[in-house]
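Below: one structure, written as structure tokens.
The values are calculated or read from the model by the stated rules, or taken from the named source; none is laboratory data. Keep in mind the model is a prediction, meaning the values are calculated, not measured. Cβ placement follows ideal geometry from the backbone for every residue including glycine, while neighbour counts extend to all protein chains displayed.
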Amino acid sequence: MKSEVPANSTSRPEYTALPAQEAPIRAMALPIQRLLQLCIILALPPFFVLLSVRLVTNTIFLQLEYNRPNFPEDLYGFSTEDRLKYGSYGVNYLLNDEDIDYLANLEINGQPAFNQRELKHMEDVKVVTQRAFQVLWIVGAFCLGSSVLLVRSRTTHKALASAWRLGGILTLLLIGIGLVAVVVSWNFFFDTFHEVFFADGTWQFHRSDTLIRLYPEQFWFDAAITIGILTISGALLAIIIPTLWERRQYG
């Protein structure tokens, strides 16, 4: 039964309109929302790539590589156990706070494991690696911070879902280009990468050098493919999870 308001009543229907002073706030909120979304979209590709690099930089990956079928044998006599033992020093050096003496003091059969050129290169690699992992923390903080701000803002959660989805799509596009370069022209990709991050003549070694014996070209090819697969997996999660969440929330 619906009650009726008498014709001579002075009462007025209730309105749910927002106060006038909130209109400028909403007008300002839209550009901020777009900026936060852009931060997430642009931060996700380097975040997924660097996170994948970090996941590969460990002795577990070394063990998997050295023991996988058809991994090239060392022409100068390293066994699988030797490679795992000495190769682990290189990986640990990139992750710890030790100086180059950590590797310089390492010996194989009473001789220094690495020559001076190899040691200098490993110093350069450590600088690049640790800076890359610092960037990983920064872009990760950007993604998390922007996501939290979007959730706490007056906008709908669809803005957050859209940003992560677009970031995932952008990641797939970029990593797809990278994987094509790896598969089609590995030498070009490998050389270009080193020319960008290292000085000329500091990253090329003889086949008899310890670095090449421990980490042959096949190792780096496999690492690049693994990083690509992990990055694609992260990007797909960034697309699928928000999509499923939206369907559950909004039907």
Count - residues of the stretch 83-105 that are in contact with a strand residue (DSSP E or B) (Cβ under 8 Å, 6 or more places away or on another chain) and farther than 20 Å from THR202 by Cβ: 1
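Just to check your reading of the model, which residue among PHE205, PHE219, PHE189 is part of a helix (DSSP H, G or I) and within 30 Å of ASN109 (Cβ to Cβ)? I'd like the intermediate steps shown before the answer.
Numbers: PHE205 fails: part of a helix (DSSP H, G or I); PHE189 fails: within 30 Å of ASN109 (Cβ to Cβ).
Criteria check complete, one pass: PHE219.
For the condition over 23 Å from SER88 (Cβ atoms), surrounded by fewer than 16 Cβ atoms within 10 Å (Cβ to Cβ) and not aromatic (Phe, Trp, Tyr), what is the one hit in GLU195, GLU217? Steps first, answer last, please.
Working: GLU217 fails: over 23 Å from SER88 (Cβ atoms).
That would be GLU195, the only listed residue that is over 23 Å from SER88 (Cβ atoms), surrounded by fewer than 16 Cβ atoms within 10 Å (Cβ to Cβ) and not aromatic (Phe, Trp, Tyr).
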Where a residue in the stretch 100-118 is farther than 16 Å from ILE212 by Cβ and its partner, wherever it lies, is among the basic types (Lys, Arg) and part of a loop (DSSP other than H, G, I, E, B), with Cβ under 8 Å and at least six apart: none
Provide a single number: the residues in the stretch 108-128 that are in contact with an Asp or Glu (Cβ under 9 Å, 6 or more places away or on another chain) and farther than 20 Å from SER79 by Cβ. 4
So which residues in the stretch 72-90 are within 26 Å of the chain's Cα centre (by Cα) and in contact (Cβ under 8 Å) with a residue 40 or more places away in the chain, if there are any at all? GLY87, GLY90
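Of a type in the set (Lys, Arg) and surrounded by 16 or more Cβ atoms within 10 Å (Cβ to Cβ): does that describe ARG207? Write out each step before concluding.
Working: of a type in the set (Lys, Arg): yes; surrounded by 16 or more Cβ atoms within 10 Å (Cβ to Cβ): no.
No.
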Looking only at the stretch 171-184, decide whether some residue is modelled with pLDDT under 95 and polar (S, T, N, Q). no
Here are some residues: LEU244, LEU136. Which one is part of a helix (DSSP H, G or I), within 30 Å of LYS120 (Cβ to Cβ) and aliphatic (A, V, I, L, M)? LEU136
